[in-house]
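Novice: Here it is: the structure, laid out below.
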Amino acid sequence: MDIIFENVNYTYQPNTPFSHQALKDISLEIKSGSFIAVVGHTGSGKSTLLQHLNALLQPTSGRLVLGNVELPGAHHEQIKSIRQRVGLLFQHPEHQLFEETVKKELLFGPKNFSFDLNQVETELNESLQEVGLEESVLNRSPFELSGGQMKRVALASMLLAKPQVLVLDEPTAGLDPLGQTKMMQLFQSLHENKQHTVVLVTHNMGDAMRYAEKVIVLNQGTVECVKSPGELIYERDRLKAIGLDVPEPVEFVEYMKTRLGVLWEEDEINEQTISRTLVKHLKGGATS
Ligand SMILES: Nc1ncnc2c1ncn2[C@@H]1O[C@H](COP(=O)(O)OP(=O)(O)OP(=O)(O)O)[C@@H](O)[C@H]1O
Ligand SMILES: [Mg+2]
């Protein structure tokens, strides 16, 4: 399903002294089947934007189209169908877990959406394996688990509800490096093999540039820019100005250009283009 934001504004606690406009005139399009990363400094509105994608929040003004449903103004059944089609993994998994056991937690979505529970029971172990959990967690309370394990339970629970769109708010934060890589690879394979749309918030610019087709950069509730990873490498100064890290290879190319006098002529920055340019430079052919 295609997702379209048209001049969307969102204000928390409007008409109170705590009123805060978190999204300002957002216009965006997320194509069905695409892999999108959302980056921005803390407080820039990433989680607020994501919570609109499964209608947990609705625009204060403007229009949001989620497939065949339009917000605001959708009725209860339409919102329920959005919740099934769009799975949201919260930034803080403890905010989305509430059942007594992991097993009940995993069955909650499928039950809610009237799936055949006998069938879902046969998928539980495979689903745990997919997200990197042992079967032994099934009878434990989700609240006894570590932060990383909770996140994995919330992810398994989300996947068992078979959404088309995976909306992931900092899914790898707090995981060990190997766990982070494996989880990113899981999202990539779900995207490639099952044509899921993926919308991922991350503070890891390297991941955003490695996995996403488009990167949405938010700054103080507005869209600063939407760029492909190839284009984003030329936005180093703009990203720095709004407090974002640029990936190490981008810094390295900048160093090569400014300190070593290397002439950079490639469109993309990756291991091959860096080594190719360095070899050329060392042979005397890539000097500015
Ligand atoms: N429930 C709320 N009531 C009032 N203001 C809120 C509420 N939730 C968030 N905000 C404010 O809205 C702005 C955007 O918050 P949001 O959580 O979307 O940012 P974020 O980009 O996800 O940040 P982070 O990287 O820290 O997760 C922030 O200034 C925040 O303080
Ligand atoms: Mg957030």
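Novice: Within segment 13-57, track down each residue that is more than 13 Å from ligand 2 (Cβ to nearest atom) and in a strand (DSSP E or B).
Specialist: Matches in segment 13-57: HIS20, GLN21, LYS24, ASP25, ILE26, SER27, LEU28, GLU29, ILE30, PHE35, ILE36, ALA37.
Novice: Next question, about the same structure. Can GLY230 be described as at pLDDT below 90, touching an Asp or Glu at 6+ places or on another chain (Cβ under 8 Å) and either within 24 Å of ILE269 (Cβ to Cβ) or within 16 Å of ligand 2 (Cβ to nearest atom) (or both)? Show your work before the answer.
Specialist: Numbers: at pLDDT below 90: yes; touching an Asp or Glu at 6+ places or on another chain (Cβ under 8 Å): yes; either within 24 Å of ILE269 (Cβ to Cβ) or within 16 Å of ligand 2 (Cβ to nearest atom) (or both): yes.
The answer is yes for GLY230.
Novice: Which residues, counting only those in segment 108-121, are surrounded by fewer than 10 Cβ atoms within 10 Å (Cβ to Cβ) and either in a helix (DSSP H, G or I) or touching a residue at least 60 places away in the same chain (Cβ under 8 Å) (or both)?
Specialist: From segment 108-121, those surrounded by fewer than 10 Cβ atoms within 10 Å (Cβ to Cβ) are 114, 116, 118-119; that's our starting set.
Of everything in segment 108-121, those that are surrounded by fewer than 10 Cβ atoms within 10 Å (Cβ to Cβ) and either in a helix (DSSP H, G or I) or touching a residue at least 60 places away in the same chain (Cβ under 8 Å) (or both) turn out to be ASN118, GLN119.
Novice: May I ask you to list pairs of residues, at least six apart or on different chains, whose Cβ atoms are under 8 Å apart, with the first in segment 16-30 being within 16 Å of ARG63 (Cα to Cα) and the second being among the charged types (D, E, K, R)?
Specialist: SER27/GLU6; GLU29/ASP2; ILE30/ASP2
Novice: Against the conditions (1) out of contact with any helix residue (DSSP H, G or I) (no Cβ under 6 Å at 6 or more places or on another chain); (2) not in a strand (DSSP E or B), where does ARG63 fall short? Just the number, please.
Specialist: (2)
Novice: Sticking with this one: Cβ contacts < 7 Å: first residue farther than 12 Å from LEU88 by Cβ, restricted to segment 39-51; second residue near ligand 1 (Cβ under 6 Å from one of its atoms) and in a helix (DSSP H, G or I), any location; separation 6+ or different chain. Result?
Specialist: From residues that are farther than 12 Å from LEU88 by Cβ, the pairs are GLY40/LYS46.
Novice: Here's a follow-up. Considering only residues that are assigned to a helix (DSSP H, G or I), buried (at least 19 other Cβ atoms within 10 Å of the Cβ) and either within 16 Å of ligand 2 (Cβ to nearest atom) or basic (Lys, Arg) (or both), which ones fall in segment 207-226? Break it down stepwise before answering.
Specialist: First, pick out the residues of segment 207-226 that are assigned to a helix (DSSP H, G or I): 207-211.
Going one step further and asking which of them are buried (at least 19 other Cβ atoms within 10 Å of the Cβ), we end up with 207-209, 211.
Residues satisfying the conditions are ASP207, ALA208.
Novice: Another one. For residues that are touching a residue at least 12 places away in the same chain (Cβ under 8 Å) and over 17 Å from GLU235 (Cβ atoms), scanning just segment 251-269, find the one that is most open to solvent (accessible area, probe 1.4 Å).
Specialist: GLU265
Novice: A further question on this structure: Look at ASN204 and say whether it is without any contact (Cβ under 8 Å) to a residue 40 or more places away in the chain, within 16 Å of ligand 2 (Cβ to nearest atom) and either out of contact with any strand residue (DSSP E or B) (no Cβ under 6 Å at 6 or more places or on another chain) or farther than 17 Å from VAL39 by Cβ (or both).
Specialist: Values: without any contact (Cβ under 8 Å) to a residue 40 or more places away in the chain: yes; within 16 Å of ligand 2 (Cβ to nearest atom): yes; either out of contact with any strand residue (DSSP E or B) (no Cβ under 6 Å at 6 or more places or on another chain) or farther than 17 Å from VAL39 by Cβ (or both): yes.
Against the criterion (without any contact (Cβ under 8 Å) to a residue 40 or more places away in the chain, within 16 Å of ligand 2 (Cβ to nearest atom) and either out of contact with any strand residue (DSSP E or B) (no Cβ under 6 Å at 6 or more places or on another chain) or farther than 17 Å from VAL39 by Cβ (or both)), ASN204 qualifies.
Novice: Counting only residues that are within 16 Å of ligand 1 (Cβ to nearest atom) and either part of a loop (DSSP other than H, G, I, E, B) or surrounded by fewer than 21 Cβ atoms within 10 Å (Cβ to Cβ) (or both), how many does segment 164-204 have?
Specialist: Taking segment 164-204 first, the residues within 16 Å of ligand 1 (Cβ to nearest atom) are 167-174, 199-204.
Now restrict to residues that are either part of a loop (DSSP other than H, G, I, E, B) or surrounded by fewer than 21 Cβ atoms within 10 Å (Cβ to Cβ) (or both): 170-174, 202-204.
Count: 8.
The values are calculated or read from the model by the stated rules, or taken from the named source; none is laboratory data. Quantities reported herein were computed from a predicted structural model and do not represent experimental measurements. Cβ sites come from the backbone with ideal geometry, for glycine too, and all protein chains shown count toward neighbours. Just the protein is used for accessible areas: all its heavy atoms, side chains included, with ligands, DNA and RNA removed. Shrake-Rupley method; radii C 1.70, N 1.55, O 1.52, S 1.80 Å.
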